[in-house]
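Participant: Dumping the structure here so I can ask a few things about it.
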Amino acid sequence: MKWIICLSILLLLGCAQATNLDYEMSVLCSEVGHQIEYTSDIGKDYCQSPDETILKGTGDCEDMTILFMYLCNKELGIKTELIIVDVGDTFHCISYYNGIYYDPTLHGIYTKLFEGSKIIFKCNYDVAMIYATRFYSKGENKWLN
């Protein structure tokens with residue numbers, strides 16, 4: 001009986017941590033979407049660093065997603081994945097972690113992709129940060145000025 005009680009307590013603690021983490025990630029996702037104004041790239045597509053997105057206060061879907069990913073790593077110690085989705089008439093960039101899709105551009109958190117959309121590109125945190133800017137220092141997990 002003692003083992004059942006101990007296991008139940010451990011299970012509840014694990015669920016509470018997961019729920020708290022999900023909540024913190026959803027808050028970060030929402031904050032990025034509310035604080036950064038959406039502007040599409042003019043001409044050639046360009047990925048901004050998180051610092052650049054914060055300083056400008058603007059960015060497109062990959063800029064907001066990269067900022068969200070950076071904040072998840074910096075604030076929560078989590079490395080999410082970058083996902084590019086074909087949504088029919090265009091491509092859209094979102095983040096993925098532990099069965100949940102985070103979309104700071106549309107302020108959305110989803111457990112599955114929209115019907116008819118499909119993943120066309122996926123990469124881990126470190127690859128996304130290197131792709132986003134040459135100023136990322138993988139070894140130190142910080143942005144260099």
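FYI, it's all coordinate maths here, none of it is from the lab. Owing to the predicted nature of the structure, the values given are computational and were not obtained by experimental measurement. A quick note on method: Cβ atoms are made from the backbone with ideal geometry, for glycine too, and the neighbour counts reach across all protein chains shown.
Participant: So for segment 22-143: antiparallel DSSP bridges make up what percent, rounded to the nearest 5? Display every interim value, and only then the final one.
Facilitator: Numbers: 19 of 21 bridges.
If we restrict to bridges inside segment 22-143, about 90 percent are antiparallel.
Participant: For Ile42 and Asp126 in the same chain, what is the full-extension length gain: residue separation times 0.36 nm, less their Cα-Cα distance, in nm? Working shown, then result.
Facilitator: Working: separation 84, 0.36 × 84 = 30.24 nm, distance 2.64 nm.
Length gained between Ile42 and Asp126: 27.6 nm.
Participant: Binning at 10 Å from 0, report for segment 22-143 what percent of all alpha-carbon pair distances ends up in each bin.
Facilitator: Per 10 Å bin, starting at zero, the Cα-Cα P(r) for segment 22-143 comes out as 14, 50, 33, 4 percent.
Participant: Counting Lys and Arg as +1 and Asp and Glu as -1, what is the net charge of the other residues whose Cβ lies under 15 Å from the Cβ of Leu76?
Facilitator: Details: positive: Lys74, Lys79; negative: Asp22, Glu24, Glu31, Glu75, Glu81.
Charge balance near Leu76 sits at -3.
Participant: Can you find, among Gln35, Ser49, Thr111, the residue sitting farthest towards the positive end of the charge dipole of segment 22-143, where Lys and Arg contribute +1 and Asp and Glu -1 at Cβ?
Facilitator: Positive-most Cα among the choices belongs to Ser49.
Participant: What's the FRET efficiency of Lys118 with Leu55 using the Cβ-Cβ distance as r and R₀ = 35 Å, to the nearest 0.05? Intermediate values should be presented prior to the final figure.
Facilitator: Details: r = 34 Å, r/R0 = 0.97.
So the FRET efficiency works out to roughly 0.55.
Participant: I would also like to ask the following. Please give the length that would be gained between Thr111 and Leu21 if that part of the chain were fully extended, namely 0.36 nm times their separation in residues minus their C-alpha to C-alpha distance (nm, one decimal).
Facilitator: Values: separation 90, 0.36 × 90 = 32.40 nm, distance 1.53 nm.
Gain in length upon complete extension: 30.9 nm.
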